[in-house]
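What follows is a short report on a single structure.
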Amino acid sequence: MSNKAVAQAVVAMQATHECKRLRVLTTAWEIESSVQHTRLLETMMEQDALEYARSDAEASSFKKLLVKRTPKELDIDTDFNIGAYNCDIMSFVVSDVQLDHIEGLARNLRLPGEDNDDSMDSEGESSDSKFDVNG
């Protein structure tokens, strides 16, 4: 081989070598880029997890502050109150019937010809001063 050919072979080999070096360097930077993006995503996920945990804790505290009971406890309370309501409404209905009977008896005991003004009770007091359940 001539000197010129050998010199050209060296230049060609250097170009090939530089091309491979740059490919290795580029691939290394692609790997580094992937590693750094992975770290970024992990950091963002950690931050999101911390924010979620904080938000969940805040929401939990807020729920405890406002509701003060678990859903199961609320269901139990609701069931209990429905039962109590049914007892209370029956008691009220019985009381209402009893009141109607007593009021009817009081009207019947009045003397004939006496004014039957319902706004006054038997003692002459206005019924507006009494507590009226019926509103």
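The values are calculated or read from the model by the stated rules, or taken from the named source; none is laboratory data. Computed from a predicted structure; not experimentally measured. Here Cβ is always computed from backbone atoms with ideal geometry, including for glycine, and neighbour counts include all displayed protein chains.
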Test: residue in the range 117-128 that is under 48 Å from the mean Cα position of the chain (by Cα), assigned to a helix (DSSP H, G or I), modelled with pLDDT under 90 and among the charged types (D, E, K, R): yes
Hits in the range 42-72 (condition: hydrophobic (A, V, I, L, M, F, W, C) and surrounded by 10 or more Cβ atoms within 10 Å (Cβ to Cβ)): M44, M45, A49, L50, A53, A57, A59, F62, V67
Residues of the range 1-23 that turn out to be hydroxyl-bearing (S, T, Y) and either in contact (Cβ under 8 Å) with a residue 40 or more places away in the chain or not in a helix (DSSP H, G or I) (or both), as a count: 1
Matching residues, the range 69-106, being of a type in the set (K, R) and not in a helix (DSSP H, G or I): R69
